[in-house]
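Have a look at the structure below before the remarks.
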Amino acid sequence: MFPALGKPELLEHLAAGQAAGVTVVTPNLRLARELMREFDQRQIAADRSVWETADILPLGAFVERLYEDALYSELAARLPRLLRPAQEQILWEAAIRASRWGEALLALPQAADEAARAWALAQHWRIAGALGKFPGNDDAIAFAEWARTYEQGCAREGQVDAARLPDVLAPLLGELALRKPEILVVYGFETLEPQATDFLEACARAGVMLRACAPARRQGRAQRRVFASAQSELDAAAQWARAKLEAGAQRIGIVVPQLGERRQATVRIFARSLQPAHNLPGEGRAALPFNLSLGAPLADDPLVRVALSALALAAGEVPFELASRLLRSPFLAAAESEMARRAQLDAELRAKAPARIALGKLVGLIAHCPALRQRLEALFALPRPERGSPQEWARYCTAVLDALGFPGERALDSKEFQARAKFNETLAEFARLERVAPEMEFPDALESLRRLCAATLFQPESPGAPVQVLGVIESLGLEFDALWVTGLTDETWPLHTRANPFIPPALQRKAGIREASPEATLEWAKRATEGWLGAADEVIVSTPLREDDRELLPSPLIAGVALAPAAADAPGVARYRDLIFACRRIETIVDATAPKLAGRSPRGGTRILADQAACPFRAYARHRLAAEALEAPVEGPDARARGRLLHVLMKALWSELKGSAGLKGDPGPAIARAAQAAVAEARLDEPFAALERARLTKLAAEWLEVERARAPFEVVALEERRTLSAAGLELAGRIDRMDRLATGGYALIDYKTGRPTPHDWLDARPNDPQLPLYVLSAPEDVRAVAFAKLKTGEMRYMGFAERKDLISGLKPAIDWRALLAGWKKEVEALGAGFAAGDARVDPKQLLATCRNCDLQPLCRVYERVNALDEAGEDAGD
C-alpha cells in the first residue's frame, strides 16, 4: 500500500516531537489512544519527565482538523459548511418526508438513520454515482430518490456532510495555506476504503510523505477452552483476568463478540470478580479496574433520564410512574434533606393521583415538601413560547432544569459529572439544529432531543484500566500482555454478512464491501483470527457448549488451536458473598408466633380468614402490621374498581327486579338504569364511562339468562352488612346477595369475575372461607351457597347445595350437616390461629400462593419457593 515503517522507528519519530512533523492516523479512537499510551510509556521508561504530545488521531478526525484549519485561512470562502450528524439526520428526514414514501413510513427517524449510513457507505466505496442505475428492490429505488433530494438540498445551501469531506479537501491539499504534516503514518489499517485511498494519495501529491505501520505480531502460546454455558465462560474469563492482574499483567484484553447484547451481564460478571465490594452500602464510587469499549445510550444514564423526565413534565401530561421517579430523584434541589418526606408524598400520591398527571395538578397535590413545591411552582411559572427554534428550546431546557435545581445538592461523582457534561454537549448539538430545522413546538423539540440522547453513546472515561473488554472490531490492531477471545461458536464467528438494505447487494459485492460478501467476510475473519493469535504472549479462545437447549460447536477458524487440558483452567476466585457467608455466625431462632391479639374486633373483616388460610404471615403482616403494597394509578378503573362496579350494578338491578318474577318482562330498561347508576357512583369520566356502561349492560343481560333457568326465587338481601363470629373474633362482613327459595330455605350468593374454586372449601385451610363463614353465622336456614361466576362466555353458578334441585350447577352435598360441621371446624381454626398470633411463613400452595402476593419484599420466602418450584417445573418438562 505505502512504504512500510517499523513500529520502533515510528515511536522514535514521534519522540522527536513537532520538529519531525509526524502525524499518525488510525482506524478508530481506541487504537489511537492505545498507541498514545504505548508512546507515553516508552517516554517514562526513558526517564523523561516532560515530552511533547504525539500527534495521533483517527483518520476521520484528521480530515476534520484539516477542514477547521482551512476555515481559519484564505481558503474559508471556498469551503461549504460542515454538517453535524444531528443536522444530517434532520435533512434526511426532510428528504424522506417529501418523497412519495414519506407518509407510508411509520419509523421515519430510523429510516433516516439507515439512509445516512447507506449514504456514507456509498461515498466511502465510490458507488454513489451508481445509485438508481443499478438494479435493486423498492428500498434501493426509494433510497436513490432520497439521496438525490438530500444532495440537491446540501448543494443549494452550501453544506457538506462528513462522508464527503475528504473529497472536498482533496483538491485543496496543494494549497500553501493549508497546514499539512511532513510525514503521515497510516497505522493499523486492515484495508483502506477507496475514498480514503484517494485522499491519502492526494496528500502524497501535495508533498506529504506517506508510510504504513502495523502493530507488532507476537509469537505467543494459544490454547482453546470450552465451557458449559456462555455465563460460565464469562465467569472464567473474569476470574482469569483477576489472576493475571494479581500476577502483574498490565494490559489484559477480553473480546466478547456480542458485547452490545450482553453488556449488562458482562459488567455485572466482571465487577463481581474484579471489584467485589463495588456495590456495597457505604462504599465510594471508585473506578472499576476494567473498561468496556461499547458505551450505553446517553438517554439510559440515570442523571440524563431525570433531566429528560423533567423536560417531559414541563411539556405536558406524563405517566404517573415517570412523575414518581422524578419526585424521588436525588438530582433535584433539596432531594437529600426532603428524602423521607418525598418518599411519603409518593406513597400518598399513588392513592389519589391520576394515571397521567400534568405539572399544575402535581403542584396542587404536593404537601409537606416545601422545597419541592417551590421548585415545581417556579417551573410552572416559567414562560414558554408556542413555537421556537432549536436554539431557543435549548435555552428553555436549561431554564427548566435550573428551576428544578438540577442536578441536586450533593456533589456528583465522576460518572455523574461526566454524564452531565455529555448531556450539556448533546443539548448544544441540539441547539445547532437551528441551521437546518424549522421552528417547532416544544413536544417536537423534546422528542428530537430525546432521540439525540438515545443515539449518543456514553462511556465514562476512567484512569487507564488494565482490563479492556472489547467488541470484535475494537479489538483488532491492539496488543496485550494476555488476551481471551470468548464466544467463538460456528454461529458467531465468522460474523454474518449484513448488506446495507438501501444499496443493491450486487452493487455492494462488486465494490468489494466486506459486509455484503460471505467470501470476503470469511477472509477478513481469518485475518482477524490470526491477528488475535499474535496479539499477546498468552491467548485463549473459547466457546460455550450449549445455549438453553441447543448444542453449540466451535468455529472452524479456531479448530487448529490446541485444546487446553482441564488442569490449565484458571483457579476459581470465591465470590464476595460466598466469603461473607463463610464467615457467618448465625443463631437460628424460630419466631413464628406473634403476641396474641389484644381485642376481639380486628380491622380487615372476613378478609382476615382468607389471608390466614393462604398464609398465616400474610394475615399477620397485612391486618396487624398494616403492611400493604404501594398503589399504582392506572388508566380507567382497575380490577378492584371494576369489581365494585359489578356489585353496584347487581345491587341496583335486583333492587328493581326483586326476584325471578321481575324477569318475566323486558329487563332491558332495568339493566340500563342499573349500569348508569353503577357508572355514576364510580364517577367515571368519558370515554371510560361509556365503555363501562356498554360492558356492564352486556354482562348483566347475559347473566339474567342464567337466572331465567332457575326455579322461582325472591331476593331478600343485597350488599347487607353483618357481624360474623369465628373463634371469638367479631368480623365485619357483607353478604352480596341472599335469595329465598320457593322450595324453602335460603341461598347465599357471592359475585366473582375470576376463577372461583368452591371445591377448595373441602380442604384444610379452605380458600375464600368468607361464604362458609356467612353460612355458619346466618340465622336463616341456608341450604345453598354459591359463587355467581360473572365472566362473559362462562356464566354459571358454582358451589354446594343441600339438594340437587335447588340451583342448577351446584353440587349436592353428600351430607349437608357434616359439610357445615367441617366448615365450622376450619373457620374456627383459622380465627383461633390469627387471634393467637400464628404468623408462620407457610404459603398453602407455595408458588401459586406467593406469585401474586404484594408482601414478597417483606417475607422473601418467594425467592426460595420460586427457585425450587421453577426448577421442578423445568425438570418435569
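Key figures for this structure:
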{"item": "Residue list for segment 585-610, filter: open to solvent by 20 Å² or more (accessible area, probe 1.4 Å), under 19 Å from VAL841 (Cα atoms), part of a loop (DSSP other than H, G, I, E, B) and not acidic (Asp, Glu)", "result": "THR588, ILE589, VAL590, ALA592, PRO595, LYS596, LEU597"}
{"item": "Cβ-Cβ under 6 Å pairs, at least 6 apart or on other chains, segment 293-304 side under 11 Å from PRO460 (Cα atoms), far side hydrophobic (A, V, I, L, M, F, W, C) and open to solvent by 30 Å² or more (accessible area, probe 1.4 Å)", "result": "GLY295/LEU457"}
{"item": "Subset of segment 648-669 (residues that are exposed (fewer than 14 other Cβ atoms within 10 Å of the Cβ), small (Gly, Ala, Ser) and either at pLDDT 90 or above or touching an Asp or Glu at 6+ places or on another chain (Cβ under 6 Å) (or both))", "result": "ALA661, GLY668"}
{"item": "The one condition in (1) among the small types (Gly, Ala, Ser); (2) open to solvent by 60 Å² or more (accessible area, probe 1.4 Å); (3) within 45 Å of the chain's Cα centre (by Cα) that SER49 fails to fulfil", "result": "(3)"}
{"item": "Residues (outside any helix (DSSP H, G or I), at pLDDT below 90 and open to solvent by less than 50 Å² (accessible area, probe 1.4 Å)) located in segment 556-574", "result": "ALA564, ALA570, VAL573"}
{"item": "Residue that is in contact with a helix residue (DSSP H, G or I) (Cβ under 6 Å, 6 or more places away or on another chain), free of Cβ contacts under 8 Å to residues at least 60 places away in the same chain, basic (Lys, Arg) and assigned to a helix (DSSP H, G or I), where the choices are ARG342, ARG375", "result": "ARG342"}
{"item": "Segment 496-535, subset among the hydrophobic types (A, V, I, L, M, F, W, C), in contact with a Lys or Arg (Cβ under 6 Å, 6 or more places away or on another chain) and open to solvent by less than 30 Å² (accessible area, probe 1.4 Å), residue nearest to TRP240 (Cα to Cα)", "result": "TRP524"}
{"item": "Wholly within segment 175-266, strands (runs of 3 or more DSSP E) carrying at least 2 residues that are within 25 Å of LEU121 (Cβ to Cβ) and aliphatic (A, V, I, L, M)", "result": "183-187, 209-213"}
{"item": "Qualifying positions in segment 812-836 - surrounded by 13 or more Cβ atoms within 10 Å (Cβ to Cβ) and either under 16 Å from LEU724 (Cβ atoms) or of a type in the set (D, E, K, R) (or both)", "result": "LEU820, TRP823, LYS824, GLU826, VAL827, GLU828, ALA829, LEU830, GLY831, ALA832, PHE834, ALA835"}
{"item": "Looking only at segment 780-807, and only at residues there that are of a type in the set (Gly, Ala, Ser) and at pLDDT 90 or above, the one that is nearest to LYS698 (Cα to Cα)", "result": "ALA788"}
{"item": "Among residues of segment 693-727, those that are within 20 Å of LEU649 (Cα to Cα), open to solvent by 50 Å² or more (accessible area, probe 1.4 Å), among the β-branched types (Val, Ile, Thr) and in a strand (DSSP E or B), counted", "result": "1"}
{"item": "Among residues of segment 103-130, those that are touching a Leu at 6+ places or on another chain (Cβ under 7 Å) and either outside any helix (DSSP H, G or I) or among the hydroxyl-bearing types (Ser, Thr, Tyr) (or both), counted", "result": "1"}
{"item": "All positions within segment 345-361 that are among the aliphatic types (A, V, I, L, M) and either closer than 17 Å to ALA371 by Cα or assigned to a helix (DSSP H, G or I) (or both)", "result": "LEU345, ALA347, LEU349, ALA351, LEU359"}
{"item": "Residue count for segment 611-647, restricted to those that are farther than 30 Å from ARG600 by Cα, open to solvent by 30 Å² or more (accessible area, probe 1.4 Å) and not in a loop (DSSP other than H, G, I, E, B)", "result": "2"}
{"item": "Subset of segment 765-798 [among the small types (Gly, Ala, Ser) and surrounded by 21 or more Cβ atoms within 10 Å (Cβ to Cβ)]", "result": "ALA784, ALA786, ALA788"}
{"item": "Subset of segment 167-190 [of a type outside the set (A, V, I, L, M), touching a residue at least 60 places away in the same chain (Cβ under 8 Å) and surrounded by fewer than 17 Cβ atoms within 10 Å (Cβ to Cβ)]", "result": "GLU175, ARG179, GLU182, GLU190"}
{"item": "Unmet requirement for VAL255, which otherwise passes all of (1) open to solvent by less than 40 Å² (accessible area, probe 1.4 Å); (2) in contact with a Leu (Cβ under 9 Å, 6 or more places away or on another chain); (3) more than 20 Å from GLY464 (Cα to Cα)", "result": "(3)"}
{"item": "Some residue of segment 33-44 being open to solvent by less than 40 Å² (accessible area, probe 1.4 Å), at pLDDT 90 or above, assigned to a strand (DSSP E or B) and touching a Leu at 6+ places or on another chain (Cβ under 6 Å)", "result": "no"}
{"item": "Every residue from segment 432-473 that is open to solvent by 60 Å² or more (accessible area, probe 1.4 Å) and outside any loop (DSSP other than H, G, I, E, B)", "result": "ARG432, GLU434, ARG435, PRO443, ASP444, GLU447, ARG450, ARG451, ALA455, LEU457, ILE473"}
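The values are calculated or read from the model by the stated rules, or taken from the named source; none is laboratory data. Since we're looking at a predicted model, the values are computed, not measured. Here Cβ is always computed from backbone atoms with ideal geometry, including for glycine, and neighbour counts include all displayed protein chains. Each accessible area value is taken on the protein alone, full model and side chains, heavy atoms only, with ligands, DNA and RNA left out. Shrake-Rupley method; radii C 1.70, N 1.55, O 1.52, S 1.80 Å.
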